[in-house]
Amino acid sequence: MLIEKNKPAAAAKAVLANLVQPYLFFNGRAAEAIAFYNKTIGAEPEMIMHFKDSPQPQGSPENCPGGAKIDPNWVMHACLKIGDSRVLVSDGMPQQKSNFQGFSLSLTARDAAECDRFFKALGDGGQVQMPLDKTFFAERFGAVQDRFGVSWMIIYPLPEHRQG
């Protein structure tokens, strides 16, 4: 749970009400993913907790369902701030394999140049699903699967659909 700094508890609780955040599991590649997203789209790590930081002993049922052994340096939980949004990240558990299917993260760019930069950077080592181009609903739109298998839709909306 994320609580904003310098806010009274009641105000922080109001911020958390009905909050939906994506939580991505990277099977031992979370630190690499955090560094990649920081470099490519400016994702700022707000917090990172490793399994070794847990007050539970390594290998305890609270840490490792089924008695699985976890690398103590694996990321147990991290929070990345991307613009005004947050994405939660973990390495997960060794017996659980990530399978990023059936969803995409949508990233709205501030301008066409930023849209192009995000698309190219996220596609480095990944796969283009839909080339970046003008559409009837956006100045620039494209879809790419990054090197971790996460699908992204990158958009720079038409002027009438831009916020702010």
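Every number here is computed from the coordinates shown, using simple stated rules; none is lab data. Note that the coordinates shown come from a computational prediction; the quantities given were computed from them, not determined experimentally. Note that each Cβ is placed from the backbone with ideal geometry, even for glycine, and that neighbours are counted across all protein chains shown.
Side notes on the structure shown:
- Normalised alpha carbon radius of gyration of the stretch 90-164 [divisor 2.2 N^0.38 Å]: 1.23
- The stretch 74-164: chymotrypsin sites (Phe, Trp or Tyr not before Pro) in DSSP loop, at most 11 other beta carbons within 10 Å: PHE103, PHE136, PHE137
- Amide H contacts of SER106 (H built 1.01 Å from N, in plane; Pro and chain starts excluded): MET153 sit under 5 Å, all sequence-distant by 5 or more or on other chains.
- Bridge orientation summary for the stretch 23-164: considering DSSP beta bridges with both residues in this region, about 75 percent are antiparallel.
- Applying the criteria of a DSSP loop state and at most 13 other Cβ atoms within 10 Å to the trypsin sites (Lys or Arg not before Pro) of the stretch 75-156 yields LYS97, ARG110, LYS134.
- Using the alpha carbons alone, the radius of gyration of the stretch 30-164 stands to its Kirkwood radius in an Rg to Rh ratio of 1.07.
- The count of lysine pairs in the stretch 18-97 that are at least 8 places apart or cross chains, and whose C-alpha atoms lie under 25 Å apart, stands at 6.
- 12 Å Cα-Cα reach of LYS134 towards aspartates and glutamates, excluding residues that sit fewer than 8 places from it in its own chain: ASP116
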